[in-house]
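Peer 1: Structure incoming, see below.
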Amino acid sequence: MGVIRLGYPATASVLPYTAWPKDLIDKLSGIYQLASGGFEFDGGELSAFSEPEIREILQSWKDKVEAIAVVGVFSSLKNEEEFRVAEIAREELGEKIPVSLSSTIGSIGLLERENASILNAGLFKVMEATSRGFEKALQSEGIHQAEVFLCQNDGTLMSIEYARKFPILTIACGPTNSIRGAAYLAGLKDVLVLDVGGTTSDIGVLAGGFPRESSLAVEVGGVRTNFRMPDIVSIGLGGGSIVRRDGDEVTVGPDSVGYRITEEALVFGGETITATDIAVRLGHANVGDRKKAEQIPLEFAEKAYQKIAEMTEVAIDKMKTSSGDVEVVLVGGGSLIIPDQLKGVRKIIRDEHGAVANAIGASISQISGEYEQIYIYSQKPREEALQDAEEKAYEKARLAGAVVETIEVVEVEEIPLAYHPDNATRLRIKAVGDLV
């Protein structure tokens, strides 16, 4: 794939793929080119955009790239140059060439937004193959006319066509589904959720019915990005976590027998002591053959169970926004290993269907659209800016598959830019609508 950055010569000191893992650069080919264009923070021209220059770059890439990522300096303020490059790319390389535009993916911050756009472009081919596989699987079962939707990482859905344009939005959608499903089972809209699997545990927060988003830059595959990601803490603790003695101490995880738990755990006839075996030994769970867990020394089991409690308490504490005790909804197939009493937790809510909270979360999801841009209120009044951003968020939700009549704004975020002299504000609006 190829990367075009609009911002030469101002950005030449820090090139695309800076601080990327070498193996990932090699996988994506590492082809890039800096070109004239881009904007200043106040919307002024950084350098003159040149269509002939763009065409020359693209012509030199014929038969060398399968996707394009376009990144303009301050395209979060003005993005017309990025869209023009996309048009030229389709003229020069064919209508089917997939193009990833940074202004439609990331936020403020050139390198992080560029990284997110490159990763998105790198996933085009993977998502195309995966989505076609979904469609063929349905057809093989006699389902030919169904409209297919995929989960996003904000707890909502998007059409399969939309997912092919923005595959990066599916990253970390699993934990968000569990969070939504857990809250639905508990009948709550504001709660902390702990999803325990076979290898890891994910802790997230539901705020107003949707997963809380991370306010920090997020690393994906060792690459620093700033696109939308859920605020999730993951720890190496699950039902299959391997328990060992380390001197006088007992360790739990982070390695795990994973899906092989029904073969390798003691209670299933294996020879590996897992967190599930500990829970069974102490009478906190009833799975497999309990007699086989009795070979575990009681003192060892109690130390391991205390370690499980401590790991969970530390992770929950990281997600709390106040010092008070919280309610926790506990879900996931490995949730049986978690104690009923934890420090800092007022109440633990378990549900008989908690093992399938992930599927429930996916099935109840709505469709969303999110729009973010920098507006200069001295040039465009706040009311006009809000209306413009709302309309574009509505349109994104519609394109993602939402029923127009059901779309409504659920989140508005305004952040003034202190370094800007003309009352500039980063405005982000999220709209949500029903699937049917």
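The values are calculated or read from the model by the stated rules, or taken from the named source; none is laboratory data. Not measured: the values here are computed from a predicted model. In this analysis, Cβ positions are derived from the backbone assuming ideal geometry, glycine residues included, and neighbour counts consider all displayed protein chains.
Peer 1: Can we say Gly369 is assigned to a strand (DSSP E or B) and under 18 Å from the mean Cα position of the chain (by Cα)?
Peer 2: In short, yes.
Peer 1: Just to be sure, is Ala19 surrounded by fewer than 18 Cβ atoms within 10 Å (Cβ to Cβ), touching a strand residue (DSSP E or B) at 6+ places or on another chain (Cβ under 9 Å) and not polar (S, T, N, Q)?
Peer 2: Details: surrounded by fewer than 18 Cβ atoms within 10 Å (Cβ to Cβ): yes; touching a strand residue (DSSP E or B) at 6+ places or on another chain (Cβ under 9 Å): yes; not polar (S, T, N, Q): yes.
Here the answer is yes, as Ala19 does meet what is asked.
Peer 1: Sticking with this one: Restricting to segment 381-407, name every residue that is on the phi < 0 side of the Ramachandran plot, surrounded by 14 or more Cβ atoms within 10 Å (Cβ to Cβ) and out of contact with any Gly (no Cβ under 6 Å at 6 or more places or on another chain).
Peer 2: Ala385, Leu386, Asp388, Ala389, Glu390, Lys392, Tyr394, Glu395, Arg398, Leu399
Peer 1: Now for a separate question. Just to verify a result, which residue in segment 109-137, among those that are under 26 Å from Pro211 (Cα atoms) and acidic (Asp, Glu), is modelled with the highest pLDDT?
Peer 2: Glu114
Peer 1: Kindly indicate the residue of segment 59-76 that is in a loop (DSSP other than H, G, I, E, B) and of a type outside the set (D, E, K, R) and also surrounded by the most Cβ atoms within 10 Å (Cβ to Cβ) among those meeting that condition.
Peer 2: Looking at the filtered set, the residue picked out is Ser75.
Peer 1: Is it the case, given these coordinates, that Leu206 is crowded, with 23+ Cβ neighbours inside 10 Å, under 30 Å from Pro167 (Cβ atoms), touching a Lys or Arg at 6+ places or on another chain (Cβ under 8 Å) and among the hydrophobic types (A, V, I, L, M, F, W, C)?
Peer 2: Answer is yes for this residue.
Peer 1: So which residues in segment 247-270 are surrounded by fewer than 18 Cβ atoms within 10 Å (Cβ to Cβ) and either at pLDDT 90 or above or in contact with a strand residue (DSSP E or B) (Cβ under 9 Å, 6 or more places away or on another chain) (or both), if there are any at all?
Peer 2: Step one: of segment 247-270, the residues surrounded by fewer than 18 Cβ atoms within 10 Å (Cβ to Cβ) are 247-249, 251, 254-255, 258-260, 262-263, 269.
Scanning segment 247-270 gives Thr251, Pro254, Asp255, Arg260, Thr262, Glu263, Gly269.
Peer 1: On to the next question. So which of Ser178, Ser140 is modelled with pLDDT under 90 and not assigned by TED's automatic domain parsing to the domain that holds Ile338?
Peer 2: Details: Ser140 fails: modelled with pLDDT under 90.
Within the list Ser178, Ser140, the selection yields Ser178.
Peer 1: Restricted to segment 120-160, and to residues that are small (Gly, Ala, Ser) and surrounded by 20 or more Cβ atoms within 10 Å (Cβ to Cβ), which residue is nearest to Gly401 (Cα to Cα)?
Peer 2: First, pick out the residues of segment 120-160 that are small (Gly, Ala, Ser): 121-122, 129, 131, 133, 137, 140, 142, 146, 155, 159.
Adding the requirement that they be surrounded by 20 or more Cβ atoms within 10 Å (Cβ to Cβ) leaves 121-122, 155.
Details: Ala121: 22, Gly122: 24, Gly155: 15 Å.
Here the answer is Gly155.
Peer 1: Same structure, new question: Filter segment 284-302 down to the residues that are within 37 Å of the chain's Cα centre (by Cα) and surrounded by fewer than 18 Cβ atoms within 10 Å (Cβ to Cβ), then identify the one that is nearest to Gly270 (Cα to Cα). Can you show your working first?
Peer 2: Keep residues of segment 284-302 that are within 37 Å of the chain's Cα centre (by Cα), which gives 284-288, 301-302.
Next cut, surrounded by fewer than 18 Cβ atoms within 10 Å (Cβ to Cβ) only: 284, 286-287, 302.
Values: His284: 20, Asn286: 17, Val287: 14, Glu302: 21 Å.
Within segment 284-302, the match that is nearest to Gly270 (Cα to Cα) is Val287.
Peer 1: Out of all the residues in segment 96-106, is one or more in a loop (DSSP other than H, G, I, E, B), of a type in the set (Val, Ile, Thr), at pLDDT below 90 and buried (at least 17 other Cβ atoms within 10 Å of the Cβ)?
Peer 2: So far as segment 96-106 goes, yes, one or more of its residues are in a loop (DSSP other than H, G, I, E, B), of a type in the set (Val, Ile, Thr), at pLDDT below 90 and buried (at least 17 other Cβ atoms within 10 Å of the Cβ).
Peer 1: Please find, among Glu53, Glu87, the residue that is of a type outside the set (S, T, N, Q), farther than 28 Å from Glu372 by Cβ and at pLDDT 95 or above. I'd like the intermediate steps shown before the answer.
Peer 2: Values: Glu87 fails: farther than 28 Å from Glu372 by Cβ.
Just one listed residue meets the conditions, Glu53.
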